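Report on the structure given below.
The values are calculated or read from the model by the stated rules, or taken from the named source; none is laboratory data. Keep in mind the model is a prediction, meaning the values are calculated, not measured. All Cβ positions, glycine included, derive from the backbone under ideal geometry; neighbour counts span all protein chains shown. Note: accessible area is taken over every heavy atom of the protein model, side chains too, but ligands, DNA and RNA are not part of it. Shrake-Rupley method; radii C 1.70, N 1.55, O 1.52, S 1.80 Å.
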Amino acid sequence: MGAEVTLIEKDEPGAHASGKSFSWINASYPKKPWSYFHLSRLSLASYLNLQNQLNLDIKWGGSFEWFDTEEQTQMLEKEIKNIQLYDYRKPINEYLVKMIDQDQARNLEPNVNFGSHSSIAFSKIDGAIDSLSAIREFLRKTRDFGGQILFPATFQKFKYLGKKLVAIQTSVGEIATDQVIFACGIDTDSNLNSKIMKSSRPGIILTSKPMEKIIDGVIVAPGVHIHQQIDGKVIIGEQQGAPMSHFDRLTNRPEKFPNEEDSNQHQDRILNIAKKFIPKLSNFDMEKITIGWRPLTKDEKPVVGPLLKMPGVYVAAMHSGITLASIVGNLCQTELLDGNPSSLLEDFRPSRFN
Ligand SMILES: Cc1cc2nc3c(=O)[nH]c(=O)nc-3n(C[C@H](O)[C@H](O)[C@H](O)COP(=O)(O)OP(=O)(O)OC[C@H]3O[C@@H](n4cnc5c(N)ncnc54)[C@H](O)[C@@H]3O)c2cc1C
């Protein structure tokens with residue numbers, strides 16, 4: 001059994017969060033409640049499975065995370081101990097997530113300056129994906145299966161006959177359907193007239209031109225995230241969001257800097273932090289700088305499932321959407337095609353905001 005699928009996108013696929021993401025696929029720290037962590041862990045396994053069917057550029061190099069303050073470090077150590085309970089039957093040296101010191105970390109990532117940090121969380125199973133190339137691959141496969149992809153095409157409204165959804169109205173005409181899935185990120189509430197999302201926060205990402213290989217894993221250092229894709233491009237994301245003083249200017253969620261000077265300032269600021277940890281980034285040759293807006297739900301946990309008051313409408317909104325895409329896609333498909341609600345999604349239903 002299957003479904004006839006039409007994907008509509010108001011701009012172009014990957015135009016917003018998914019194409020402007022740091023794209024770390026992670027099951028490390030500090031996802032809570034544990035059902036959220038568990039879902040992330042399952043998603044990593046689900047990606048491995050998906051890689052048997054699709055050509056996804058994922059670099060499985062693990063992740064290295066550490067903090068500057070004693071308080072944050074203690075919290076990290078405590079949470080990693082909890083995560084290690086997943087591996088309780090393994091010998092300690094085979095734990096998938098563990099604390100390592102700067103010498104062990106340097107052995108794995110010789111080009112990274114870990115300073116004198118002796119508590120670094122190493123999550124062996126994490127990876128990072130080239131999300132734009134993954135989107136192209138998903139579209140290709142959708143077309144192969146007979147699906148239609150329409151863009152630019154904007155959802156406008158629903159058409160119900162009694163309580164039954166029969167079509168949606170879009171900017172390119174009416175599309176007959178009995179089931180719509182809204183995976184529309186920061187626009188979830190404006191499309192569904194719902195109260196699921198809170199204000200989005202921006203994040204800047206720098207992408208280099210392809211470089212010689214510098215790192216294997218995802219480096220999550222104080223103030224900055226760095227990884228290098230399979231094609232050699234280095235991706236740098238900032239941890240610190242925009243300061244409060246910028247909030248007025250940011251209410252319209254701009255995806256471009258007001259001028260080149262601003263863009264250069266941000267690039268220099270982020271690159272200077274990154275170079276402290278990876279001096280070889282002095283050769284960083286910029287390909288692009290992007291501003292992405294994070295889809296944040298009210299409690300920052302995923303929101304996945306049917307909208308009970310709107311028959312035929314299903315929503316999937318979340319931060320960590322790159323990490324979770326694989327498992328959530330899988331579970332949505334099972335719920336919608338087989339009609340069996342998944343207990344893995346119990347904690348994440350949209351009904352919690354009613
Ligand atoms: C800077 C940054 C760093 C991030 N880092 C990570 C990370 O390391 N790991 C991780 O797991 N997650 C990360 N995220 C979060 C992750 O990128 C998002 O959770 C994920 O991309 C959300 O996907 P989405 O499909 O819900 O939203 P989007 O990718 O924004 O897609 C939604 C699409 O819906 C379209 N749309 C909206 N309304 C309509 C309409 N009416 N009709 C038609 N189309 C419509 C939009 O145009 C948009 O393209 C990051 C996000 C940002 C911004």
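Rounding to the nearest 10 and keeping the result within 0 to 90°, find how far the Cα-based axis of helix 70-83 lies from the longest principal axis of the chain. With rounding to tens, the tilt is 60 degrees. Mean sequence separation of contacting Cα pairs (under 8 Å, at least six apart), scaled by the length of the chain, corresponds to a relative contact order of 23 percent. Heavy-atom accessible surface of the chain, averaged per residue, reaches 52 Å², computed with a 1.4 Å probe.
Pairs with C-alpha atoms separated by more than 19 Å, drawn from the list LYS157/LYS298; LYS209/LYS280; LYS10/LYS163; LYS78/LYS301, are LYS157/LYS298; LYS10/LYS163; LYS78/LYS301.
Heavy-atom surface analysis with a 1.4 Å probe gives the range 63-124 a carbon and sulfur content of 47 percent of its accessible area.
For the range 43-104, trypsin sites (Lys or Arg not before Pro) meeting the loop criterion (DSSP other than H, G, I, E, B) and having at most 11 other Cβ atoms within 10 Å: ARG89. Here the range 250-354 exposes an accessible surface that is 48 percent carbon and sulfur, computed with a 1.4 Å probe and the other protein chains kept in place.
Looking at the chain alone, DSSP beta bridges between its own residues are antiparallel in about 85 percent of cases. Is the range 139-201 best put as rounded, prolate or oblate by its Cα gyration tensor, with a ≥ b ≥ c the root eigenvalues, rounded for a/c under 1.5, and otherwise prolate when a/b is larger than b/c, oblate when not? It comes out oblate by the Cα gyration axes. Give me the net charge for the shell around GLU137: Cβ to Cβ below 12 angstrom, other residues only, Lys and Arg +1, Asp and Glu -1. Around GLU137, the surrounding residues sum to +1. Below 8 Å, C-alpha to C-alpha, sequence gap of six or more: please give me the relative contact order for the range 63-124 in percent. Relative contact order of the range 63-124: 45 percent. The shape of the range 63-124 comes out oblate: with a ≥ b ≥ c from the C-alpha gyration tensor, a/c is at least 1.5 while a/b does not beat b/c. Between helix 321-338 and the chain, what is the angle of the helix's C-alpha long axis to the longest principal axis, kept within 0 to 90° and rounded to the nearest 10? Taking the Cα atoms of the chain, the angle to 321-338 is about 30 degrees. Dipole of the chain (Lys/Arg Cβ +1, Asp/Glu Cβ -1, origin at the Cα centre): which of ASN264, GLY2, TYR47 lies farthest to the positive side? Selected residue: GLY2. Placing +1 on the Cβ of every Lys and Arg and -1 on the Cβ of every Asp and Glu, with no other charges, gives the range 63-124 a dipole of roughly 360 debye about its Cα centre.
Suppose R0 equals 35 Å; then what is the FRET efficiency for GLN84 and GLU346 from their Cβ-Cβ distance, rounded to the nearest 0.05? For GLN84 and GLU346, the calculated efficiency is 0.90.
Farthest toward the positive end of the dipole of the range 63-124, out of THR69, TYR86, GLN104, is the Cα of TYR86, where the dipole comes from beta carbon charges about the Cα centre. About its Cα centre, the chain has a charge dipole of approximately 740 debye under the convention of +1 per Lys or Arg Cβ and -1 per Asp or Glu Cβ, with nothing else charged. The trypsin sites (Lys or Arg not before Pro) of the range 142-185 that DSSP puts in a loop, and whose beta carbon has at most 14 other beta carbons within 10 Å, are LYS163. Among VAL97, VAL166, VAL304, which one moves the most in a GNM of the chain with springs linking Cα atoms closer than 10 Å? With Cα springs under 10 Å in the chain, the top fluctuation among VAL97, VAL166, VAL304 is at VAL166.
The charge dipole of the range 208-354, taken about its Cα centre with unit charges on the Cβ of Lys, Arg, Asp and Glu (plus for the first two, minus for the last two), comes to roughly 160 debye. With all projection directions averaged, the alpha carbon convex hull of the chain covers 19.2 nm².
In the chain, a dipole from Cβ-located charges (positive for Lys and Arg, negative for Asp and Glu) runs towards its positive end, and of GLY305, TYR95, GLN240 it is GLY305 whose Cα lies farthest in that direction. Report the chymotrypsin sites (Phe, Trp or Tyr not before Pro) located in the range 236-337 that are in a DSSP loop and have at most 11 other Cβ atoms inside 10 Å of their Cβ, or state none. Those that pass, being in a loop and sparsely packed, are PHE247.
Ligands, DNA and RNA aside, ILE149 has an accessible area near 30 Å² when probed at 1.4 Å. Helix 260-277 and the longest principal axis of the Cα set of the chain meet at an angle near 50°.
Dividing the convex hull volume of the alpha carbon atoms of the range 261-333 by its residue count gives 174 Å³ per residue. For the range 214-316, the relative contact order works out to 18 percent when only alpha carbon pairs closer than 8 Å and six or more residues apart are counted.
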